[in-house]
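Asker: Here's a structure for you.
The values are calculated or read from the model by the stated rules, or taken from the named source; none is laboratory data. Remember, predicted model here, so these are calculated numbers, not experimental data. Methodologically, a virtual Cβ is constructed for each residue, glycine included, from the backbone with ideal geometry; neighbour enumeration extends over all protein chains shown.
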Amino acid sequence: MAQPRVLVIGGGLAGLAATMRLAELGVGVDLVSLVPVKRSHSVCAQGGINSVNALTRQQGDNEWKHFDDTVYGGDFLQHQPPVKEMADWGPRIVDLMDRLGVPFNRTPEGFRDQRRFGGTLYKRTSFAGATTGQQLLYALDEQVRRREVEGKVKKWEFWDFLGPVLDDAGHCRGAVCQDLVTMQFRAFPADAVVLATGGCGLLYGRSTMSMVCTGSAVSRAYRAGAWYGNGEFIQVHPTAIPGADKLRLMSESARGEGGRVWVPRTPQDARDPRDIPEADRFYFLEDRYPKYGNLVPRDIATREIFDVCTNEGLSVEKDRLCVYLDLTHIPRETLDRKLGGILEIYEKFQGVDPRVMPMKIFPAVHYSMGGLWVDYERSAAGGMVEGAVRNQRTSVPGLYAIGECDYQYHGANRLGANSLLSCIFSGLFVAPTLKAVCEGRGSADDARLFDAAVRREEERHRALLGRTAGVENPYDLHQQLGVLMTRAATVVRRNDQLESAYGQVCDLEDRWRRCAVSDTGNWTNQNVVFTKALGDMFPLAKLILKGALLRDECRGAHFKPDCAMPGIVESDPSAARVEAERWCDRFEENTRKWLKSTIAECRPDGSPTITYQDVDTSLIPPRPRLYGLVGADVIEEVWKERQAGQGESSREATVAAAT
Amino acid sequence: MIKAVDGTVTGNDHGHSAGGGGNGHAASVAERKPIRVRVLRQDVAGGESYWERFEIPYEPNLNVISVLQKIAARATSLDGRAVAPVAWDCCCLEEVCGSCTMLVNGRTRMACSSLVDKLLEEGDEIELRPMSKFPVVRDLVVDRRRLFHSLERVKAWVPVDDSYDHGPGPRISPEEQQDAYPLATCISCGCCLEACPQFTKVETVQRAGETAESLEKRRKDSFEGQFVGAHAISQAMLFNSHPTGRMIADERLEALTSAGGIQMCGNAQNCVAVCPKHIPLTRSIARAGRAATVWAIKRLFDR
C-alpha cells in the first residue's frame, strides 16, 4: 500500500470527525456505514455540547473544573488523563464547530449562548436549538462531502462491517464488509481500522437509540480478540417518551431550561394536572436535592423517578409508569426558540402540546458508557500525547475505537452534553495517531489473507441462509432478549436476577442457532442481516450481565440495593461524626476493592472472562459522591479532614525521603 | 436498515423495568378490527412491482414503522402464504434522520411519524408505496444518492481553511441564527423532491457484465443537468447567508444557474407543503431566484 489508507467504520460524529481530519492530513479514507452517514444516530442528540467558555471562565470555571465534574459525575471510574485532555480541548472543539457553520443559539450581542446541564453548576453547554447532535453531525458531514468531491474520501454507505482481518501475528490488516444491497462481500486492506460504531441499545429491545445501534460491529471486534471495558455501565436516561417502537428521548435541556419534574401527592390523582395546586404536587428532585434540583446527574434522576413510581406508588398513571415533566410555566416563545425541536417530537408522537400540558415521561436505556477497551499515552502534563500510536488503540494492534463504542471517557455515568464532546474529541484526536500508524507500516499484505477472510464470511452467510428449516423467529428472540435485559440490567440490579438472566440469555442464544430466515434471497436481505446482528448481541449481553453480577458495589449507573451506602441516620452531632467516620472507612475500603475497570475477554464459546485493571486516578483523588445524601455535610467534613491528614503525612514522607 | 422488531415489549412487566413502555389502554382493544395493509412490492431493482396485503392485530398508538416491524416478524401475507419480509429503510424513528420516507396513503411522508390511528380515520386499509421519483432498490427501499449528489453540486458546506484552532466562528446575530436554523434542519428525506412536478425519476440500470465502478460513473453522469431540487436550493441559500459560507457564493450561484438549476423550478409550491420539518423552501427558492438574476446580470457586465 503506497498510499496511506485508513478504514473508518461508522459515520456518526466520531467517524466523521476522524475522517475529516485524516483527509486533511493527507491520509486516504474508506468510510463504511450501515446508513448514509448523514442519517447516523448522532442526529438524535438534542441538548448540546459542553466546554468551558468565556462567560463561565469569568465566573470561576476552568478546564480543570470541567474535568473534575466529569470524573466526579462518572464516579471516578475513568482513567483521568484522557478525560483531562478532552476537557482541555473542549473550547477549541466548540470554536471549530462554530466555524464549520453550526447554527448555535446566540445571545443578543451575537455570542454563542449556553445553558446549564446536569452535574455542573456552570452554563457550559452550547446548543443549536434542541437538535445539537443533528447540527454538529451535518457540519461534519458537509466537510466530509467536500473531501469526497476532492477524491480524498470514499464512502461505502449501506455496508456492514463483518469483522477485522488479523494476520498471523494478531495485527489488524483491514476488514471484511458486506454490501447491504447486492449482498456482495469485499475485503478492505488498510493500514489501520477504526471503529466508530456507537452504542448497543438494541440489546434492551426498545431504547432511545436508533435501529442501527445493535452493537454488532463492536461484538465482532470483541470476538476477534478486542477487550471490552466497563460493559455493565449502561446509562438509563431519566426522561424518555414511551412508545411502541421506540422510547424517544426527551432531552435534559428541558430541565436545563427550567423544566420541573413532579408527581401528584395523591397517587394517580385523576385531576387535569393543570388543575392540581402547588400544595398537592411533589417536586421530589427539588425537594431531595436542593443544590442541583432537577439537574442532578442522570443516574440519580433516573433512580429517583423509578423509585417514586415503583416504591412510593406515585406514578401518574396506574397501568403505565410515568411522572410529569412540566414546562408549562415557561413562556411559549422561549420554549419554541430553545426547545422547539424536542417539543415537536413530543407533540408529533403523543398528540399533546407540551407547552400547555405537562409531559409524561419515564427512564429509558440511553447510552453505553462501557465499550471497547482502548489505550492512551500519558503526557507529562497529565493529559495525552497527541499522535502517539497507543491512543484509542484496542487490545488488537492496528484496530482503534472512538466515540460511544470506546469505554474511555465517561466512567460509571456520563454527564449530559459530554458525549458530543467525547465523540468529536476522540475522532479528531485519533487522526494524527492513525497517520503515525500508516507511516510505521511497511510491506503490503498477502492477498491470500483477505481471500481467506472473505471466504469465511461468505461461508457464514451461506450457512445462515440455509437455515430455512429452523423453528425460531429472530424477531421474537430479540423481543425476549430486550425484556430480559431491561428487567435485569437497568436501574436496579440484584444478583439473583442477574444470574438467572445470564442463564436465560444462554438459552436464547441456543435458540438463535435454530433460527430460520424467512428471506433466503441475495438482494437487500434485511432479514439475514438482522439475524446476524442478533447473534452478535448475545456475547455483549453476557458480558454486561456478568460484569454487573460480579461488581458488588454501587457506582454511577450501576446500582445494587444490597450494596448501597445510605446516609447518616444519627442526629446527635458526635454520634453522627462517628457514623460518618465509619461511612468514610467503608468508602475507602470499597474504593480499594472496586475502583477498577472491568475488562471482558471473549472466550471461543462467546462467554466472557472478567478481569480488573487499576484506574489512573493520579490527578484527582477519588472522593465520595454525595449528591443529596442525608448527612452529606458531616461526611464531607470528615472526608476533608482525612484528605488533609493524608496530604500532610505524604508531605512528611517526602521530606523524610529527601533528608 | 437493520430492523429490530419488538413492538410488543411492554417494559412494565412487574413494574421493574426502565422504559415505561406499553400502551396501557388495553380495554376494548380486542374488539377493534385488525389493521389491513397494502404494500406495493418489488423484488429487485428494475423488476416488476406487485401488491401484497397483510393484516396485523389492532393496537393503539402504533406508527407505520411498528406495523412494518410486525409484518416482518410474521412474514405471512393476508392469504396465508409465507413471503419474504417487506424491506424498508428506517433508523432513528423520531423524524430526524430522514430514512423512512415513503408514500403512506398516497402522501409522501415519514413512516415513523405516520400514526396508525390517524390513518385508520381515512379508511380501513393503509396503503404503503415506495417513493416514485427514485429508483426502487427493493419494496419500500429507494436509492436516494441523487439527493446527496445535489448537495455536492451546490457546494453545501462552509469552505474553512482547516480544522486547526483559529478561535471562534464569526459573530452572528440572534435574528440571523433564527433564519439559518430552520434551513439547517433539513433531514434529506426527499419529500420535497417526491412532490415536485419538475423533479423526475432518473434510473441507471446495471448492464450485463458492467463493473460497479462503471455503473457508479454512469449514474453520477446521469444526474448532471437534472433538476437539483428544492432541498439543494435551500442549502445553497443557507450557506450563501453564512459569513464564511458566502465566500464561495458565486460558485453556488453558478451551479444554480446552470442546467438543472433554479430556472427549472415551476413554482408549484408542493415542496413546502410536504416538508415534514416545515422548512420555508419557497422562501429559499425566491431568494435564490433573485440572487441568480442579480448574479447573471453582474456576470453579463463583467464579460
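Asker: Scan region B:243-276 for residues that are in contact with a Pro (Cβ under 8 Å, 6 or more places away or on another chain), within 14 Å of chain A (Cβ to nearest Cβ) and surrounded by fewer than 21 Cβ atoms within 10 Å (Cβ to Cβ) and jot them down. It would help to see each step written out before you state the result.
Answerer: So the first thing to find is which residues in region B:243-276 are in contact with a Pro (Cβ under 8 Å, 6 or more places away or on another chain), and the list is B:243-245, B:247-248, B:266, B:268, B:270, B:272.
Then drop every residue that is not within 14 Å of chain A (Cβ to nearest Cβ), which leaves B:243-245, B:247-248.
Scanning region B:243-276 gives B:Pro243, B:Thr244, B:Met247, B:Ile248.
Asker: Residues to consider are B:Glu216, B:Glu210; find the one that is surrounded by fewer than 15 Cβ atoms within 10 Å (Cβ to Cβ), assigned to a helix (DSSP H, G or I) and not β-branched (Val, Ile, Thr). Reasoning before the result, please.
Answerer: Working: B:Glu210 fails: assigned to a helix (DSSP H, G or I).
Going through B:Glu216, B:Glu210 in turn, just one is surrounded by fewer than 15 Cβ atoms within 10 Å (Cβ to Cβ), assigned to a helix (DSSP H, G or I) and not β-branched (Val, Ile, Thr): B:Glu216.
Asker: Only residues that are in a strand (DSSP E or B), away from chain B (no Cβ under 14 Å) and out of contact with any helix residue (DSSP H, G or I) (no Cβ under 8 Å at 6 or more places or on another chain): list them for region A:240-282, please.
Answerer: A:Arg281
Asker: Just one of (1) in contact with a strand residue (DSSP E or B) (Cβ under 7 Å, 6 or more places away or on another chain); (2) away from every other protein chain (no Cβ under 14 Å); (3) part of a loop (DSSP other than H, G, I, E, B) trips up A:Leu314, so point out which.
Answerer: Every listed condition holds for A:Leu314 apart from (2).
Asker: From the set of residues in region B:113-133 that are part of a loop (DSSP other than H, G, I, E, B) and free of Cβ contacts under 8 Å to residues at least 40 places away in the same chain, which is surrounded by the most Cβ atoms within 10 Å (Cβ to Cβ)?
Answerer: First, pick out the residues of region B:113-133 that are part of a loop (DSSP other than H, G, I, E, B): B:113-114, B:121-124, B:130-133.
Retained after the next criterion (residues that are free of Cβ contacts under 8 Å to residues at least 40 places away in the same chain): B:121-123.
Numbers: B:Glu121: 7, B:Glu122: 13, B:Gly123: 10.
Filtering first and then ranking leaves B:Glu122.
Asker: Quick check on A:Gly631: is it within 26 Å of A:Arg298 (Cβ to Cβ), of a type in the set (Gly, Ala, Ser) and either modelled with pLDDT of 95 or more or crowded, with 16+ Cβ neighbours inside 10 Å (or both)? Even if it seems obvious, please write down each step before you answer.
Answerer: On the way: within 26 Å of A:Arg298 (Cβ to Cβ): yes; of a type in the set (Gly, Ala, Ser): yes; either modelled with pLDDT of 95 or more or crowded, with 16+ Cβ neighbours inside 10 Å (or both): yes.
Criteria met by A:Gly631.
Asker: Next question, about the same structure. For B:His149, work out the one condition from (1) outside the structural domain of B:Gly47 (by TED's automatic domain parsing); (2) within 24 Å of B:Val67 (Cβ to Cβ) it doesn't fulfil.
Answerer: It fails just one condition, (2).
Asker: How many residues are away from chain B (no Cβ under 13 Å) and either part of a loop (DSSP other than H, G, I, E, B) or polar (S, T, N, Q) (or both) if we restrict to region A:317-336?
Answerer: Qualifying residue count, region A:317-336: 5.
Asker: So, of the residues in region A:340-368 that are assigned to a strand (DSSP E or B) and small (Gly, Ala, Ser), which turns out to be nearest to the other protein chains (Cβ to nearest Cβ)?
Answerer: First, the residues of region A:340-368 that are assigned to a strand (DSSP E or B): A:359-368.
Checking which are small (Gly, Ala, Ser) leaves us with A:364, A:368.
On the way: A:Ala364: 5, A:Ser368: 14 Å.
Going through the qualifying residues, I end up with A:Ala364.
Asker: Can I ask one more? Only residues that are among the aliphatic types (A, V, I, L, M) and modelled with pLDDT of 95 or more: list them for region A:318-332, please. Walk me through it before giving the result.
Answerer: So in region A:318-332, the residues among the aliphatic types (A, V, I, L, M) come out as A:321, A:323, A:325, A:327, A:330.
Scanning region A:318-332 gives A:Val323, A:Leu325, A:Leu327, A:Ile330.
Asker: Being modelled with pLDDT of 95 or more and either more than 10 Å from chain A (Cβ to nearest Cβ) or surrounded by fewer than 24 Cβ atoms within 10 Å (Cβ to Cβ) (or both) narrows it down to one of B:Val104, B:Val64, B:Val83, B:Val96, so name that one.
Answerer: On the way: B:Val64 fails: either more than 10 Å from chain A (Cβ to nearest Cβ) or surrounded by fewer than 24 Cβ atoms within 10 Å (Cβ to Cβ) (or both); B:Val83 fails: modelled with pLDDT of 95 or more; B:Val96 fails: either more than 10 Å from chain A (Cβ to nearest Cβ) or surrounded by fewer than 24 Cβ atoms within 10 Å (Cβ to Cβ) (or both).
Among B:Val104, B:Val64, B:Val83, B:Val96, only B:Val104 is modelled with pLDDT of 95 or more and either more than 10 Å from chain A (Cβ to nearest Cβ) or surrounded by fewer than 24 Cβ atoms within 10 Å (Cβ to Cβ) (or both).
Asker: Restricting to region A:96-126, name every residue that is part of a loop (DSSP other than H, G, I, E, B) and more than 10 Å from every other protein chain (Cβ to nearest Cβ).
Answerer: In the first step, residues of region A:96-126 are kept if they are part of a loop (DSSP other than H, G, I, E, B); the result is A:100-105, A:107-111, A:113, A:116-124.
Once the filter is applied, which keeps residues that are part of a loop (DSSP other than H, G, I, E, B) and more than 10 Å from every other protein chain (Cβ to nearest Cβ), region A:96-126 yields A:Arg116, A:Phe117, A:Gly118, A:Gly119, A:Thr120, A:Leu121, A:Tyr122, A:Lys123, A:Arg124.
Asker: So, of the residues in region A:299-311 that are at the interface with another protein chain (Cβ under 10 Å from one of its Cβ atoms) and farther than 13 Å from A:Ile361 by Cα, which turns out to be surrounded by the fewest Cβ atoms within 10 Å (Cβ to Cβ)? Let's see the steps before the verdict.
Answerer: To start, the set of residues in region A:299-311 that are at the interface with another protein chain (Cβ under 10 Å from one of its Cβ atoms) comprises A:302, A:305-306, A:309-311.
Adding the requirement that they be farther than 13 Å from A:Ile361 by Cα leaves A:310-311.
Values: A:Thr310: 17, A:Asn311: 10.
Per the criteria, the residue is A:Asn311.
Asker: Might you check whether a residue that is more than 18 Å from the chain's Cα centre (by Cα) and under 23 Å from A:His558 (Cα atoms) occurs anywhere in region A:323-342?
Answerer: If we filter region A:323-342 for residues that are more than 18 Å from the chain's Cα centre (by Cα), which is where we start, we get A:323-342.
Next, from what is left, pick out any that are under 23 Å from A:His558 (Cα atoms): A:323.
Yes, there is a match, as at least one residue in region A:323-342 is more than 18 Å from the chain's Cα centre (by Cα) and under 23 Å from A:His558 (Cα atoms).
Asker: Still on this structure: Scan region B:72-81 and tell me whether some residue there is assigned to a helix (DSSP H, G or I) and touching a residue at least 40 places away in the same chain (Cβ under 8 Å). Quick ask: steps written out before the conclusion?
Answerer: The initial filter retains those residues of region B:72-81 that are assigned to a helix (DSSP H, G or I), namely B:72-74.
Next, only the ones that are touching a residue at least 40 places away in the same chain (Cβ under 8 Å) stay: B:72-73.
Scanning region B:72-81 turns up at least one residue that is assigned to a helix (DSSP H, G or I) and touching a residue at least 40 places away in the same chain (Cβ under 8 Å).
Asker: Kindly indicate the residue of region B:225-235 that is touching a helix residue (DSSP H, G or I) at 6+ places or on another chain (Cβ under 8 Å), not in a helix (DSSP H, G or I) and not aromatic (Phe, Trp, Tyr) and also surrounded by the fewest Cβ atoms within 10 Å (Cβ to Cβ) among those meeting that condition. Even if it seems obvious, please write down each step before you answer.
Answerer: Taking region B:225-235 first, the residues touching a helix residue (DSSP H, G or I) at 6+ places or on another chain (Cβ under 8 Å) are B:226-235.
From the residues that got through so far, the ones that are not in a helix (DSSP H, G or I) too are B:226-229.
Among the residues that remain, those that are also not aromatic (Phe, Trp, Tyr) are: B:226, B:228-229.
Details: B:Gln226: 19, B:Val228: 28, B:Gly229: 28.
Looking at residues that are touching a helix residue (DSSP H, G or I) at 6+ places or on another chain (Cβ under 8 Å), not in a helix (DSSP H, G or I) and not aromatic (Phe, Trp, Tyr), I get B:Gln226.
Asker: Just the residues that are farther than 20 Å from B:Ala296 by Cα, assigned to a helix (DSSP H, G or I) and polar (S, T, N, Q), please, taken from region B:236-284.
Answerer: B:Asn270, B:Thr282, listed by residue number.
Asker: For the subset of region A:160-172 comprising residues that are in contact with a strand residue (DSSP E or B) (Cβ under 7 Å, 6 or more places away or on another chain) and over 14 Å from A:Leu195 (Cα atoms), which member is surrounded by the most Cβ atoms within 10 Å (Cβ to Cβ)?
Answerer: So in region A:160-172, the residues in contact with a strand residue (DSSP E or B) (Cβ under 7 Å, 6 or more places away or on another chain) come out as A:160-167, A:172.
From the residues that got through so far, the ones that are over 14 Å from A:Leu195 (Cα atoms) too are A:166-167.
Numbers: A:Leu166: 20, A:Asp167: 14.
Looking at the filtered set, the residue picked out is A:Leu166.
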